Amino acid sequence: MNSSAMFRRLLLLTLFVAALSFSRSASAQPVRADTAAVLLAAAEDLENRGADDIAEALYRYILEHFQETSAAEAARIRIEVISSRRSQAGGEVELKVWMATYGVFMGGVVVPSALDSGDSRTVGLGLLVGGPAGFLAGRQMARTHPRSLGQTRAVTWGGTWGVIQGWGWAAVLDFGKRDPRSSGRAGEDESSQAIAASAFVGGALGIGSSLMLARRDITPGAATSAMLGSLWGMWLGFSTAYLMDVEGDGLTGASLAAGNAGLLAGALAGHRLPISRGQARMASLSGVIGGFCGLGLNLIIQPEGGKAVVGMMLASSIAGLAAGVIGVTRSNRRAKRGESDLSEGREAPAFLPVPGSLLNWSDGNWALSTPLPVPALQPIPQNDGRNALAWKVSLLKMQF
(Lines give C-alpha, C1' and ligand atoms only; values in the text may rest on other atoms or scores of the structure.)
Protein backbone atom coordinates (compact mmCIF):
# COMPACT_ATOMS: atom_id res chain seq x y z
CA MET A 1 0.00 0.00 0.00
CA ASN A 2 1.21 3.51 -0.85
CA SER A 3 2.42 5.23 2.31
CA SER A 4 0.65 8.53 1.56
CA ALA A 5 -2.63 6.76 0.84
CA MET A 6 -2.25 4.77 4.05
CA PHE A 7 -1.64 7.93 6.05
CA ARG A 8 -4.72 9.60 4.52
CA ARG A 9 -6.78 6.54 5.39
CA LEU A 10 -5.53 6.61 8.96
CA LEU A 11 -6.16 10.35 9.24
CA LEU A 12 -9.72 10.00 7.94
CA LEU A 13 -10.33 7.18 10.40
CA THR A 14 -9.04 9.27 13.29
CA LEU A 15 -11.19 12.21 12.19
CA PHE A 16 -14.22 9.95 12.12
CA VAL A 17 -13.54 8.60 15.59
CA ALA A 18 -12.87 12.09 16.92
CA ALA A 19 -16.12 13.40 15.44
CA LEU A 20 -18.01 10.65 17.18
CA SER A 21 -16.16 11.03 20.45
CA PHE A 22 -16.42 14.81 20.77
CA SER A 23 -19.86 15.40 19.35
CA ARG A 24 -21.90 17.84 21.47
CA SER A 25 -25.11 16.00 20.69
CA ALA A 26 -26.09 13.41 23.30
CA SER A 27 -27.91 11.31 20.74
CA ALA A 28 -24.76 11.00 18.61
CA GLN A 29 -22.48 10.12 21.52
CA PRO A 30 -21.30 6.51 20.96
CA VAL A 31 -20.27 4.18 23.74
CA ARG A 32 -16.57 3.59 24.21
CA ALA A 33 -16.90 -0.02 23.11
CA ASP A 34 -18.20 1.08 19.70
CA THR A 35 -15.30 3.49 19.26
CA ALA A 36 -12.81 0.78 20.18
CA ALA A 37 -14.50 -1.64 17.78
CA VAL A 38 -14.13 0.85 14.91
CA LEU A 39 -10.43 1.28 15.68
CA LEU A 40 -9.98 -2.49 15.97
CA ALA A 41 -11.59 -3.12 12.60
CA ALA A 42 -9.39 -0.50 10.96
CA ALA A 43 -6.26 -1.97 12.58
CA GLU A 44 -7.16 -5.47 11.40
CA ASP A 45 -7.67 -4.14 7.86
CA LEU A 46 -4.26 -2.48 7.94
CA GLU A 47 -2.68 -5.69 9.23
CA ASN A 48 -4.28 -7.70 6.42
CA ARG A 49 -2.79 -5.24 3.94
CA GLY A 50 0.69 -5.82 5.39
CA ALA A 51 1.03 -2.55 7.35
CA ASP A 52 2.01 -4.23 10.61
CA ASP A 53 3.69 -1.17 12.11
CA ILE A 54 0.64 1.08 11.81
CA ALA A 55 -1.69 -1.73 12.80
CA GLU A 56 0.34 -2.43 15.92
CA ALA A 57 0.30 1.27 16.81
CA LEU A 58 -3.50 1.27 16.63
CA TYR A 59 -3.71 -1.92 18.68
CA ARG A 60 -1.57 -0.35 21.37
CA TYR A 61 -3.66 2.82 21.24
CA ILE A 62 -6.72 0.67 21.97
CA LEU A 63 -4.92 -1.00 24.87
CA GLU A 64 -3.97 2.35 26.36
CA HIS A 65 -7.26 4.20 25.99
CA PHE A 66 -9.94 1.46 25.93
CA GLN A 67 -8.66 -1.08 28.44
CA GLU A 68 -12.12 -2.00 29.73
CA THR A 69 -13.53 -3.03 26.33
CA SER A 70 -13.50 -6.42 24.63
CA ALA A 71 -11.60 -4.83 21.73
CA ALA A 72 -8.63 -4.34 24.07
CA GLU A 73 -8.30 -8.08 24.62
CA ALA A 74 -8.54 -8.69 20.88
CA ALA A 75 -5.89 -6.01 20.31
CA ARG A 76 -3.60 -7.70 22.84
CA ILE A 77 -3.93 -11.01 20.97
CA ARG A 78 -3.19 -9.36 17.63
CA ILE A 79 -0.06 -7.71 19.08
CA GLU A 80 1.16 -11.15 20.20
CA VAL A 81 0.49 -12.54 16.71
CA ILE A 82 2.42 -9.71 15.05
CA SER A 83 5.31 -10.14 17.49
CA SER A 84 5.36 -13.89 16.86
CA ARG A 85 5.34 -13.34 13.10
CA ARG A 86 8.24 -10.92 13.35
CA SER A 87 10.11 -13.29 15.62
CA GLN A 88 9.76 -16.19 13.20
CA ALA A 89 10.83 -14.02 10.28
CA GLY A 90 13.90 -12.87 12.25
CA GLY A 91 14.63 -16.47 13.25
CA GLU A 92 14.53 -17.64 9.64
CA VAL A 93 16.98 -14.97 8.51
CA GLU A 94 19.37 -15.64 11.39
CA LEU A 95 19.29 -19.39 10.76
CA LYS A 96 20.13 -18.96 7.06
CA VAL A 97 22.97 -16.53 7.77
CA TRP A 98 24.47 -18.64 10.53
CA MET A 99 24.21 -21.91 8.63
CA ALA A 100 25.91 -20.35 5.60
CA THR A 101 28.73 -19.00 7.79
CA TYR A 102 28.98 -22.33 9.60
CA GLY A 103 29.23 -24.16 6.29
CA VAL A 104 32.05 -21.89 5.11
CA PHE A 105 33.94 -22.40 8.38
CA MET A 106 33.50 -26.17 8.33
CA GLY A 107 34.27 -26.60 4.64
CA GLY A 108 37.17 -24.19 4.48
CA VAL A 109 38.86 -24.69 7.86
CA VAL A 110 37.70 -27.61 9.99
CA VAL A 111 37.26 -30.40 7.43
CA PRO A 112 40.59 -29.76 5.61
CA SER A 113 42.35 -29.69 8.99
CA ALA A 114 40.68 -32.91 10.08
CA LEU A 115 41.76 -34.57 6.81
CA ASP A 116 45.25 -33.12 7.22
CA SER A 117 45.04 -31.67 3.74
CA GLY A 118 47.23 -28.68 3.10
CA ASP A 119 46.26 -28.58 -0.56
CA SER A 120 44.72 -25.25 -1.48
CA ARG A 121 42.37 -27.05 -3.84
CA THR A 122 40.80 -28.92 -0.94
CA VAL A 123 40.29 -25.67 0.94
CA GLY A 124 38.85 -24.02 -2.15
CA LEU A 125 36.45 -26.91 -2.72
CA GLY A 126 35.35 -26.70 0.90
CA LEU A 127 34.66 -22.98 0.60
CA LEU A 128 32.85 -23.50 -2.69
CA VAL A 129 30.57 -26.21 -1.31
CA GLY A 130 30.28 -25.26 2.36
CA GLY A 131 28.59 -21.86 2.03
CA PRO A 132 25.80 -22.83 -0.39
CA ALA A 133 25.24 -26.16 1.38
CA GLY A 134 24.90 -24.42 4.73
CA PHE A 135 22.51 -21.83 3.33
CA LEU A 136 20.30 -24.45 1.68
CA ALA A 137 20.29 -26.53 4.86
CA GLY A 138 19.26 -23.49 6.91
CA ARG A 139 16.49 -22.62 4.50
CA GLN A 140 15.18 -26.19 4.57
CA MET A 141 15.27 -26.23 8.37
CA ALA A 142 13.37 -22.94 8.52
CA ARG A 143 10.73 -24.12 6.07
CA THR A 144 10.25 -27.56 7.59
CA HIS A 145 10.06 -26.42 11.20
CA PRO A 146 9.53 -22.63 11.56
CA ARG A 147 11.17 -21.44 14.76
CA SER A 148 10.99 -18.26 16.76
CA LEU A 149 13.96 -15.98 17.19
CA GLY A 150 14.65 -17.42 20.64
CA GLN A 151 14.56 -21.01 19.38
CA THR A 152 16.82 -20.11 16.45
CA ARG A 153 19.28 -18.35 18.74
CA ALA A 154 19.45 -21.49 20.87
CA VAL A 155 20.29 -23.59 17.78
CA THR A 156 22.92 -21.22 16.42
CA TRP A 157 24.66 -20.75 19.73
CA GLY A 158 24.40 -24.48 20.47
CA GLY A 159 26.37 -25.19 17.31
CA THR A 160 28.90 -22.44 18.02
CA TRP A 161 29.37 -23.53 21.61
CA GLY A 162 29.75 -27.15 20.51
CA VAL A 163 32.63 -26.18 18.23
CA ILE A 164 34.30 -24.21 21.04
CA GLN A 165 33.91 -27.08 23.50
CA GLY A 166 35.07 -29.73 21.03
CA TRP A 167 38.11 -27.74 20.03
CA GLY A 168 39.02 -26.79 23.58
CA TRP A 169 38.62 -30.16 25.29
CA ALA A 170 40.51 -31.92 22.50
CA ALA A 171 43.43 -29.58 23.14
CA VAL A 172 43.19 -30.03 26.92
CA LEU A 173 43.02 -33.83 26.76
CA ASP A 174 45.63 -34.12 23.96
CA PHE A 175 43.37 -36.07 21.62
CA GLY A 176 45.38 -38.01 19.04
CA LYS A 177 48.75 -36.81 20.24
CA ARG A 178 51.57 -39.31 19.77
CA ASP A 179 55.03 -39.52 21.11
CA PRO A 180 57.17 -37.39 18.78
CA ARG A 181 60.03 -39.88 19.20
CA SER A 182 57.97 -42.63 17.52
CA SER A 183 58.10 -43.24 13.81
CA GLY A 184 55.76 -41.41 11.49
CA ARG A 185 54.52 -37.87 11.61
CA ALA A 186 55.11 -35.62 14.56
CA GLY A 187 52.65 -35.64 17.44
CA GLU A 188 51.78 -31.99 16.90
CA ASP A 189 50.47 -32.65 13.39
CA GLU A 190 48.34 -35.60 14.42
CA SER A 191 46.99 -33.66 17.40
CA SER A 192 45.80 -30.85 15.13
CA GLN A 193 43.87 -33.40 13.08
CA ALA A 194 42.19 -34.76 16.20
CA ILE A 195 41.36 -31.27 17.44
CA ALA A 196 39.68 -30.35 14.14
CA ALA A 197 37.75 -33.62 14.10
CA SER A 198 36.66 -33.02 17.69
CA ALA A 199 35.46 -29.52 16.76
CA PHE A 200 33.43 -30.98 13.90
CA VAL A 201 31.82 -33.57 16.18
CA GLY A 202 31.23 -30.99 18.89
CA GLY A 203 29.44 -28.68 16.47
CA ALA A 204 27.24 -31.51 15.22
CA LEU A 205 26.36 -32.55 18.77
CA GLY A 206 25.68 -28.93 19.73
CA ILE A 207 23.29 -28.44 16.82
CA GLY A 208 21.53 -31.75 17.45
CA SER A 209 21.02 -31.18 21.18
CA SER A 210 19.87 -27.60 20.69
CA LEU A 211 17.36 -28.69 18.03
CA MET A 212 15.84 -31.03 20.60
CA LEU A 213 15.71 -28.24 23.19
CA ALA A 214 14.19 -25.87 20.62
CA ARG A 215 11.07 -28.02 20.45
CA ARG A 216 9.97 -26.09 23.51
CA ASP A 217 9.23 -22.40 23.47
CA ILE A 218 12.38 -20.37 24.12
CA THR A 219 12.16 -16.62 24.48
CA PRO A 220 14.81 -14.39 22.86
CA GLY A 221 15.68 -13.16 26.35
CA ALA A 222 16.36 -16.68 27.63
CA ALA A 223 18.48 -17.58 24.60
CA THR A 224 20.50 -14.36 24.86
CA SER A 225 20.92 -14.83 28.61
CA ALA A 226 22.30 -18.35 28.06
CA MET A 227 24.70 -17.17 25.36
CA LEU A 228 26.04 -14.26 27.41
CA GLY A 229 26.17 -16.44 30.53
CA SER A 230 28.50 -18.89 28.80
CA LEU A 231 30.85 -16.09 27.70
CA TRP A 232 30.89 -14.53 31.14
CA GLY A 233 31.50 -17.95 32.67
CA MET A 234 34.57 -18.42 30.47
CA TRP A 235 35.97 -15.04 31.48
CA LEU A 236 35.35 -15.60 35.18
CA GLY A 237 36.78 -19.13 35.01
CA PHE A 238 39.88 -17.99 33.13
CA SER A 239 40.63 -15.01 35.34
CA THR A 240 40.02 -16.90 38.60
CA ALA A 241 42.20 -19.81 37.52
CA TYR A 242 44.93 -17.41 36.40
CA LEU A 243 44.92 -15.71 39.80
CA MET A 244 45.26 -19.18 41.39
CA ASP A 245 48.43 -19.86 39.36
CA VAL A 246 46.79 -22.40 37.07
CA GLU A 247 48.63 -22.66 33.76
CA GLY A 248 48.50 -24.41 30.39
CA ASP A 249 45.77 -26.95 29.77
CA GLY A 250 44.43 -26.44 33.27
CA LEU A 251 43.69 -22.80 32.48
CA THR A 252 41.85 -23.79 29.28
CA GLY A 253 39.92 -26.53 31.06
CA ALA A 254 38.85 -24.16 33.84
CA SER A 255 37.60 -21.66 31.27
CA LEU A 256 35.58 -24.31 29.40
CA ALA A 257 34.08 -25.79 32.56
CA ALA A 258 33.14 -22.37 33.94
CA GLY A 259 31.64 -21.51 30.56
CA ASN A 260 29.35 -24.54 30.77
CA ALA A 261 28.30 -23.49 34.27
CA GLY A 262 27.61 -19.98 33.02
CA LEU A 263 25.56 -21.36 30.13
CA LEU A 264 23.40 -23.33 32.53
CA ALA A 265 23.04 -20.43 34.95
CA GLY A 266 22.13 -18.00 32.16
CA ALA A 267 19.56 -20.41 30.70
CA LEU A 268 17.92 -20.94 34.10
CA ALA A 269 17.87 -17.22 34.84
CA GLY A 270 16.38 -16.41 31.44
CA HIS A 271 13.74 -19.11 31.87
CA ARG A 272 12.68 -18.19 35.40
CA LEU A 273 12.89 -14.41 35.11
CA PRO A 274 10.89 -12.30 32.62
CA ILE A 275 14.07 -10.94 31.07
CA SER A 276 14.10 -9.53 27.55
CA ARG A 277 16.91 -9.73 25.03
CA GLY A 278 17.61 -6.02 25.47
CA GLN A 279 17.80 -6.36 29.25
CA ALA A 280 20.25 -9.26 28.98
CA ARG A 281 22.43 -7.26 26.62
CA MET A 282 22.34 -4.17 28.82
CA ALA A 283 23.34 -6.18 31.90
CA SER A 284 26.23 -7.71 29.97
CA LEU A 285 27.21 -4.33 28.55
CA SER A 286 27.39 -2.96 32.08
CA GLY A 287 29.89 -5.68 32.95
CA VAL A 288 31.93 -5.04 29.81
CA ILE A 289 32.09 -1.34 30.64
CA GLY A 290 33.22 -2.23 34.13
CA GLY A 291 35.98 -4.43 32.72
CA PHE A 292 37.25 -1.64 30.46
CA CYS A 293 37.19 0.73 33.42
CA GLY A 294 39.46 -1.71 35.21
CA LEU A 295 41.74 -1.79 32.18
CA GLY A 296 41.83 2.00 32.18
CA LEU A 297 42.83 2.04 35.84
CA ASN A 298 45.58 -0.44 35.06
CA LEU A 299 46.95 1.83 32.34
CA ILE A 300 46.89 4.79 34.72
CA ILE A 301 48.29 3.07 37.81
CA GLN A 302 50.56 0.66 35.88
CA PRO A 303 50.80 -2.05 38.54
CA GLU A 304 53.56 -4.62 38.44
CA GLY A 305 52.71 -8.18 37.49
CA GLY A 306 49.93 -9.71 35.40
CA LYS A 307 47.91 -10.81 38.42
CA ALA A 308 47.26 -7.25 39.49
CA VAL A 309 46.01 -6.36 36.00
CA VAL A 310 43.72 -9.38 35.72
CA GLY A 311 42.51 -9.01 39.29
CA MET A 312 41.53 -5.38 38.82
CA MET A 313 39.71 -6.14 35.56
CA LEU A 314 37.95 -9.09 37.18
CA ALA A 315 36.75 -7.03 40.14
CA SER A 316 35.54 -4.12 38.01
CA SER A 317 33.75 -6.36 35.51
CA ILE A 318 31.97 -8.23 38.31
CA ALA A 319 30.92 -4.92 39.85
CA GLY A 320 29.59 -3.70 36.50
CA LEU A 321 27.76 -6.96 35.85
CA ALA A 322 26.20 -6.88 39.31
CA ALA A 323 25.02 -3.31 38.73
CA GLY A 324 23.46 -4.36 35.43
CA VAL A 325 21.68 -7.34 37.00
CA ILE A 326 20.33 -5.14 39.81
CA GLY A 327 19.01 -2.69 37.23
CA VAL A 328 17.22 -5.48 35.34
CA THR A 329 15.74 -6.82 38.58
CA ARG A 330 14.39 -3.42 39.54
CA SER A 331 12.93 -2.95 36.07
CA ASN A 332 11.14 -6.29 36.32
CA ARG A 333 9.75 -5.39 39.72
CA ARG A 334 8.37 -2.14 38.35
CA ALA A 335 6.91 -4.08 35.44
CA LYS A 336 5.09 -6.40 37.85
CA ARG A 337 3.65 -3.43 39.70
CA GLY A 338 2.55 -2.02 36.38
CA GLU A 339 0.84 -5.30 35.50
CA SER A 340 -1.15 -5.23 38.73
CA ASP A 341 -2.11 -1.63 38.08
CA LEU A 342 -3.34 -2.63 34.63
CA SER A 343 -5.62 -5.28 36.09
CA GLU A 344 -7.23 -2.61 38.24
CA GLY A 345 -7.99 -0.45 35.22
CA ARG A 346 -5.20 2.08 35.69
CA GLU A 347 -2.47 2.97 33.24
CA ALA A 348 0.66 0.83 33.41
CA PRO A 349 3.56 2.44 31.58
CA ALA A 350 6.05 -0.16 32.79
CA PHE A 351 4.00 -3.07 31.47
CA LEU A 352 3.11 -1.89 27.98
CA PRO A 353 5.15 0.25 25.59
CA VAL A 354 3.77 3.74 25.21
CA PRO A 355 2.25 4.08 21.72
CA GLY A 356 1.47 7.14 19.68
CA SER A 357 4.82 8.95 19.91
CA LEU A 358 7.87 8.67 17.72
CA LEU A 359 10.20 8.23 20.73
CA ASN A 360 8.93 6.69 23.96
CA TRP A 361 10.82 6.38 27.25
CA SER A 362 9.57 4.37 30.21
CA ASP A 363 11.54 2.86 33.11
CA GLY A 364 14.86 3.37 31.39
CA ASN A 365 13.81 1.73 28.12
CA TRP A 366 13.53 3.50 24.76
CA ALA A 367 11.03 2.38 22.13
CA LEU A 368 10.12 3.57 18.65
CA SER A 369 6.49 3.82 17.59
CA THR A 370 4.39 5.34 14.83
CA PRO A 371 3.31 8.87 15.79
CA LEU A 372 -0.47 9.10 15.50
CA PRO A 373 -2.60 12.25 15.28
CA VAL A 374 -4.60 12.46 18.51
CA PRO A 375 -7.70 14.65 18.79
CA ALA A 376 -7.99 17.02 21.75
CA LEU A 377 -10.24 19.88 22.81
CA GLN A 378 -8.45 23.18 23.20
CA PRO A 379 -10.07 26.31 24.69
CA ILE A 380 -10.51 29.19 22.26
CA PRO A 381 -8.93 32.37 23.68
CA GLN A 382 -11.38 35.20 24.33
CA ASN A 383 -14.36 33.16 23.19
CA ASP A 384 -16.56 32.63 26.28
CA GLY A 385 -14.89 29.37 27.24
CA ARG A 386 -15.77 27.50 24.07
CA ASN A 387 -13.52 24.67 22.90
CA ALA A 388 -12.18 23.81 19.46
CA LEU A 389 -11.04 20.49 18.09
CA ALA A 390 -7.26 20.31 17.68
CA TRP A 391 -4.89 17.60 16.49
CA LYS A 392 -1.64 16.73 18.20
CA VAL A 393 1.21 14.57 16.88
CA SER A 394 3.54 13.58 19.70
CA LEU A 395 7.21 13.15 18.90
CA LEU A 396 8.49 12.43 22.41
CA LYS A 397 6.76 10.90 25.42
CA MET A 398 8.50 10.14 28.72
CA GLN A 399 7.01 8.49 31.76
CA PHE A 400 8.65 8.42 35.19
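So, Phe105, is that one of a type outside the set (Asp, Glu), within 30 Å of Thr144 (Cα to Cα) and modelled with pLDDT of 75 or more or not? Answer is yes for this residue. In this structure, Trp169 does not satisfy being at pLDDT 90 or above and under 21 Å from the mean Cα position of the chain (by Cα). Scanning the range 48-65 for residues that are farther than 12 Å from Val38 by Cα, open to solvent by less than 50 Å² (accessible area, probe 1.4 Å) and either among the hydrophobic types (A, V, I, L, M, F, W, C) or out of contact with any Gly (no Cβ under 9 Å at 6 or more places or on another chain) (or both) yields a count of 7.
Taking residues in the range 142-162 that are within 17 Å of Val81 (Cβ to Cβ) and open to solvent by 30 Å² or more (accessible area, probe 1.4 Å), and partners anywhere that are modelled with pLDDT under 80 and not in a loop (DSSP other than H, G, I, E, B), the pairs with Cβ atoms closer than 6 Å and at least 6 places apart or on different chains are Pro146/Gln88; Arg147/Gly91. Residues that are without any contact (Cβ under 8 Å) to a residue 40 or more places away in the chain and buried (at least 19 other Cβ atoms within 10 Å of the Cβ) were ranked within the range 232-248; the one that is farthest from the chain's Cα centre (by Cα) is Ala241. Every listed requirement among (1) buried (at least 20 other Cβ atoms within 10 Å of the Cβ); (2) part of a loop (DSSP other than H, G, I, E, B) is met by Asp116 save one, (1). Only one entry of Val81, Val111 meets the criterion of being modelled with pLDDT under 80, in a helix (DSSP H, G or I) and out of contact with any strand residue (DSSP E or B) (no Cβ under 6 Å at 6 or more places or on another chain), and that entry is Val81. With respect to the conditions (1) more than 16 Å from Ala214 (Cα to Cα); (2) touching a Ser or Thr at 6+ places or on another chain (Cβ under 7 Å); (3) open to solvent by 20 Å² or more (accessible area, probe 1.4 Å), Glu94 falls short on a single one, namely (1).
The values are calculated or read from the model by the stated rules, or taken from the named source; none is laboratory data. Since the model is a prediction, treat every value here as computed from it, not as a measurement. All Cβ positions, even for glycine, are placed from backbone atoms using ideal geometry, and neighbour counts span all protein chains on display. Side chains are part of the model used for accessible areas, which takes the heavy atoms of the whole protein and leaves out ligands, DNA and RNA. Shrake-Rupley method; radii C 1.70, N 1.55, O 1.52, S 1.80 Å.
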